[in-house]
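The values are calculated or read from the model by the stated rules, or taken from the named source; none is laboratory data. The structure displayed is predicted, hence computed values, not measured ones. Ideal geometry is used to build each Cβ from the backbone, glycine not excepted, and the neighbour counts take in all protein chains shown. Surface areas here come from the heavy atoms of the whole protein model, side chains and all, with no ligands, DNA or RNA. Shrake-Rupley method; radii C 1.70, N 1.55, O 1.52, S 1.80 Å.
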Amino acid sequence: MKVIFLIMFMISFTASASLCDENDNIIISCKLNNGKFVSVCEKNNKITYKYGTNDHIEMKFDSTKKNRIKYQDTKYPAGGNTRIYFNKGSFTYYVFNYSTMYRENGITVGSAESNGVAVYRGNDIKFRQNCDTDVLIDYSLLNKMEKTEFNLNINLIDSDNQ
């Protein structure tokens, strides 16, 4: 009985924490500070970006051969920085996950985390929202997308919410 309850809870939690369909794999998803969700989903090697609420998807983008959803990923000794992104017109949409721990003499003395969604036009940020909840992320699914070089010109970590 406890196992059934746990399974039902996990299904309920996953469904409420993501805009992905029931049979989709969640690559990354979180609830944002504005009450909306951002989710990147995979099903049968098809990658889809969704932004909005369970009742109303405001933005949906399907990766195509011509315009793919890609990722950038770099690992640090005590963390990493992952960005999933795509271009639509003159805008670039990013879903990002950054975390690091600070250590002194081998002891963790602090940490930093920044997760959310941002929209840029060139190097100018037009929209940004941080995650309000824990981020669901499956790093094993990143290989379903094309990996590109890390773009150091775009700083998603230190930007203020807009």
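Table for the structure above
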| read-out | value |
| --- | --- |
| Pick from segment 26-51, criterion out of contact with any helix residue (DSSP H, G or I) (no Cβ under 7 Å at 6 or more places or on another chain) and outside any strand (DSSP E or B), ranking: least open to solvent (accessible area, probe 1.4 Å) | 35 |
| Filter result (within 12 Å of residue 46 (Cα to Cα) and aliphatic (A, V, I, L, M)) within segment 57-79 | 69 |
| Test: residue in segment 145-157 that is in contact (Cβ under 8 Å) with a residue 24 or more places away in the chain, within 14 Å of residue 85 (Cβ to Cβ), of a type outside the set (D, E, K, R) and out of contact with any strand residue (DSSP E or B) (no Cβ under 7 Å at 6 or more places or on another chain) | yes |
| The lone exception for residue 145 - which of (1) within 19 Å of residue 99 (Cα to Cα); (2) open to solvent by less than 30 Å² (accessible area, probe 1.4 Å) it fails | (1) |
| Residue 133, sole failed condition from (1) over 19 Å from residue 48 (Cα atoms); (2) part of a strand (DSSP E or B) | (2) |
| Matching option when the condition is under 14 Å from the mean Cα position of the chain (by Cα) and among the basic types (Lys, Arg), among 31, 75, 66 | 31 |
